[in-house]
Amino acid sequence: GMPGVGKSTAGVILAKRLGMNFIDTDIHIQQQTGHTLHNLITDQGLKAFCRLEAELVSKLDLQNHIIATGGSVVYGDLAMQNLKQNGLVLWLDLPFVKLARRLGDLDARGVVMEPGQTLEQLYAFRQPFYQKYADVKINTDNLNIDTTVTQITDYLSRRELFST
């Protein structure tokens, strides 16, 4: 999902509840490169950053992990193939109006946006990508993080019940 929907926060709590490891791909990229996302995007450009993100995510070991990705990971087909083949892809969605209220400085967050692109344009552009790759969509509108995580664990429990 988009920046600000709660992927990292929900991911940490979900990993704790399930007794799994947690990886935030934005932090992983920063650790691997020694640079902030903002600096990587500014210095290398959007396309180079997206290639780097896709490469690093495509090489992640996903066994027994909850992964919170950056919102732009959906631009990298190899990364998304790795995530889909080795796990379940959840899309945390939030209506644009509420998302816009939540987000602060997009540059400081390291949001992958074309120059001059508005947040609303980015939101509209990414929706088809999220739809394409998601195994399930969780609408986080009117949900707090705890309720969001409970919805995810409930979904996983139902899925496990019917897959045996």
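A compact table of results
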{"item": "For residue 92, residues with placed amide H under 5 Å, excluding near neighbours", "result": "138"}
{"item": "Shape call, region 77-153: gyration tensor on alpha carbons, a/c limit 1.5", "result": "oblate"}
{"item": "Among [x] 1.08; [y] 1.41; [z] 1.01, the entry that matches Cα Rg over 2.2 N^0.38 Å as calculated here", "result": "[z]"}
{"item": "Whole-Hz ³J(HN,Hα) from phi, Karplus 6.51 cos²θ - 1.76 cosθ + 1.60, for region 31-37, glycine and proline x", "result": "5, 5, 9, x, 10, 6, 4"}
{"item": "Selected from 115, 128, 95 as most flexible by GNM, with the chain as the system and alpha-carbon contacts under 10 Å", "result": "115"}
{"item": "Cα gyration tensor, region 41-95 - rounded (a/c under 1.5), prolate or oblate", "result": "oblate"}
{"item": "Residue with peak Gaussian network fluctuation, the chain [Cα springs, cutoff 10 Å], from 126, 17, 101", "result": "101"}
{"item": "Value at 222 nm in deg cm²/dmol, rounded to 500, when DSSP H runs of n ≥ 4 in the chain each add -39,500 (n - 2.57)", "result": "-17500 deg cm²/dmol"}
{"item": "Percent carbon-and-sulfur accessible area, region 30-119, ignoring ligands, DNA and RNA, probe 1.4 Å", "result": "48"}
{"item": "Per-residue HN-Hα couplings for region 68-83 [Karplus 6.51, -1.76, 1.60; θ = phi - 60°; Hz; x = Gly/Pro]", "result": "9, 9, x, x, 8, 4, 5, 7, x, 4, 5, 4, 5, 4, 4, 5"}
{"item": "Charge tally in the Cβ shell below 10 Å around residue 131, where Lys, Arg are +1 and Asp, Glu are -1, residue 131 excluded", "result": "+2"}
{"item": "Max mean-square fluctuation residue, GNM over the chain, Cα-Cα springs under 10 Å, options 79, 15, 48", "result": "48"}
{"item": "Inter-part distance where region 1-80 and region 117-152 are each reduced to a Cα centre, Å", "result": "16"}
{"item": "Long-range HN-HN contacts of residue 68 with modeled amide H, under 5 Å", "result": "23, 24, 25"}
{"item": "Heavy-atom accessible area per residue - region 1-58, 1.4 Å, Å²", "result": "49"}
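The values are calculated or read from the model by the stated rules, or taken from the named source; none is laboratory data. Note that this is a predicted model, so its numbers are computed, not measured. With ideal geometry, Cβ positions are generated from the backbone for all residues, glycine too; neighbour counts draw on all protein chains shown. Surface accessibility is based on the protein's heavy atoms, side chains included, excluding ligands, DNA and RNA. Shrake-Rupley method; radii C 1.70, N 1.55, O 1.52, S 1.80 Å.
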